[in-house]
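Before any comments, here is the structure.
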Amino acid sequence: MKDKLIIFDTTLRDGEQSPGASMTREEKVRIARQLERMRVDVIEAGFPAASNGDFESVKAVADIIKDSTVCGLARALERDIDRAGEALKGAKSGRIHTFIATSPIHMEKKLRMSPDQVVEQAVKAVQWARKWTDNVEFSPEDAGRSDPDFLCRVLEAVIDAGAGTLNIPDTVGYNMPHQFGALIAKLRERIPNSDKAIFSVHCHNDLGLAVANSLSAVLSGARQVECTINGLGERAGNASLEEVVMAVRTRQDVFSCDTRIDTTQIVPASRLVSSVTGFVVQPNKAIVGANAFAHESGIHQDGVLKHRETYEIMRAEDVGWSANKMVMGKHSGRNAFKTRLAELGIELDSEEALNSAFARFKELADKKHEIFDEDLHALVSDEAAVLEQEHFKLVSLKVCSETGETPHATVVVAVNGVEEQAEADGGGPVDAAFKAIDSIIKSGAELQLYSVNNITSGTDAQGEVTVRLSKGGRIVNGQGSDTDIVIASAKSYLHALNKLHSKLERAHPQV
Ligand code: KIV
Ligand code: ZN
């Protein structure tokens, strides 16, 4: 029997700490649902004490997720822990994750506390968290640069205080794989009560070693890995979930453990996170990059055609790449549409949402003969954006773009139901459209990111546009898709403006 390797996903917490990757409560719930579908064991949904928005997001995730444990982060402070406990009250299975730094530099310069004080506060925090739940995780922040003897002392004390999971973070991504593996082995060996807790690791990618360090720790007996979809996270990111899971699954000859992850849900999860955050996945990214399974050279193609395993160690379909097959067309009915969404694991909340998505599907099918699974995912994301809050709604857009002429846009936007029209020139058609929209809304927001991706191949493919806006310390991402990329751009711009307008408190732990 193999051991179980627990997958703890922190996309919604550490992932969200990537500058610009803020998510609304609804977006967090959509991602959490996908993580649950993928059979992630623990979903770290946020840092409830950071803001009311973060509290509400963790609560919303805790209230709906049933098959994964939902976790809330808390500093080793009673008020943080109480906030996490409150947010997790509705969870079927909840966990409080409390942390305090243990490295000399953090204790002296950041906390201004002595090692004795840190041990005392860590123990008190775990005891306090145990008043809320039996499922308590403790992290000595910056463990990767902490004195191993001191780590042994803190960890032994928090196990006695009731921590069931000890998470060892390489907070600044400083360790080398052999060192980090040796640290885990040493802690397990030297802490007298180490058998009473599960060892976990949480590695950052500053030197590009987050996955290697995590796997080295697993070889030394760690049985939980903290990771994120697409390796999103603070600075250079966290260990990427898809790489950790597929390394362990593919190399079962090396690892004496395995995860319960449904790997076919990996690519849909990657796409969803990329679309919500606007963080594009690089084409050569392992597992989820567009080229991860593409064979360019003749020799490779010939080998794969003769015998797939000559150049492929994993099967694309096992990680959720569908073969871009045409799934539907303009003659497909509502039932077929509903069935295909269900097969893709997409749930719409109401009949109204289904009817509206179906109407959009018909519109799309008129413009594009072949509708692929990817188109359906984009269509549903677009639908979710529309249902979120439509204070500003695109009614029509006309753009003139001609060689030698200045591009010009005429736009009609319904502002709270009242239609307003504006025109503007621009450096290009998108610029003109944004200027026309802005002359109606006068948002004062700063454009931080504009990116376009094709959803499938071919010139009739839908373009998916992400726009990132900032205003007064708030950062929001908007998405829109359409076969016309200027319209997709206008939709994504209005989606972002609607988010800014909604005054939903930005769920970002770093503020
Ligand atoms: O990187 C880190 O140390 C963290 C802790 C809060 C676990 O994110
Ligand atoms: Zn971290």
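Some notes on this structure:
- Flag for SER256 being at pLDDT below 95 and away from ligand 1 (no atom under 16 Å from the Cβ): no
- Count of residues meeting criterion [of a type in the set (D, E, K, R), under 18 Å from ARG95 (Cβ atoms) and either within 12 Å of the chain's Cα centre (by Cα) or within 16 Å of ligand 2 (Cβ to nearest atom) (or both)] in the stretch 17-46: 2
- Of the criteria (1) touching a Pro at 6+ places or on another chain (Cβ under 7 Å); (2) closer than 27 Å to ARG474 by Cα, which one PRO407 fails: (2)
- Looking across ILE440, ILE475, one residue alone is assigned to a helix (DSSP H, G or I) and of a type outside the set (D, E, K, R). It is ILE440.
- Identity of the residue in the stretch 147-201, assigned to a strand (DSSP E or B) and more than 22 Å from THR133 (Cα to Cα), that ends up farthest from ligand 2 (Cβ to nearest atom): ASP170
- Within the stretch 306-329, residues that are farther than 19 Å from VAL248 by Cα and β-branched (Val, Ile, Thr) reach partners that are modelled with pLDDT of 80 or more and not in a helix (DSSP H, G or I) with beta carbons closer than 7 Å, at six or more positions or on different chains, in the pairs VAL327/ILE371; VAL327/PHE372.
Table: residues versus (1) over 23 Å from ARG190 (Cβ atoms); (2) at pLDDT 95 or above; (3) more than 12 Å from ligand 1 (Cβ to nearest atom).
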residue	(1), (2), (3)
ILE64	yes, yes, yes
VAL70	yes, yes, yes
GLY90	yes, yes, yes
HIS97	yes, yes, no
THR102	no, yes, no
GLN127	yes, yes, yes
GLU156	no, yes, yes
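- Within the stretch 224-264, tally of residues that are part of a strand (DSSP E or B) and within 16 Å of ligand 2 (Cβ to nearest atom): 7
- Condition met for ASP206 (acidic (Asp, Glu), surrounded by fewer than 24 Cβ atoms within 10 Å (Cβ to Cβ) and in contact (Cβ under 8 Å) with a residue 24 or more places away in the chain): yes
- Residue check for VAL211: touching a residue at least 40 places away in the same chain (Cβ under 8 Å) and either crowded, with 18+ Cβ neighbours inside 10 Å or touching a Cys at 6+ places or on another chain (Cβ under 8 Å) (or both): no
- Residue match in the stretch 163-173 (condition: acidic (Asp, Glu) and open to solvent by 10 Å² or more (accessible area, probe 1.4 Å)): no
- Residue count for the stretch 265-290 under the criterion of being assigned to a loop (DSSP other than H, G, I, E, B) and either farther than 24 Å from GLY480 by Cα or basic (Lys, Arg) (or both): the result is 4.
- Check on GLY278, touching a Pro at 6+ places or on another chain (Cβ under 6 Å) and at positive phi: no
The values are calculated or read from the model by the stated rules, or taken from the named source; none is laboratory data. Here the structure is a predicted model, which is why all the values come from computation and not from measurement. Heads up, the Cβs are rebuilt from the backbone with ideal geometry, glycines too, and the neighbour counts pull from every protein chain shown. Accessible surface areas use protein heavy atoms only, side chains included; no ligands, DNA or RNA. Shrake-Rupley method; radii C 1.70, N 1.55, O 1.52, S 1.80 Å.
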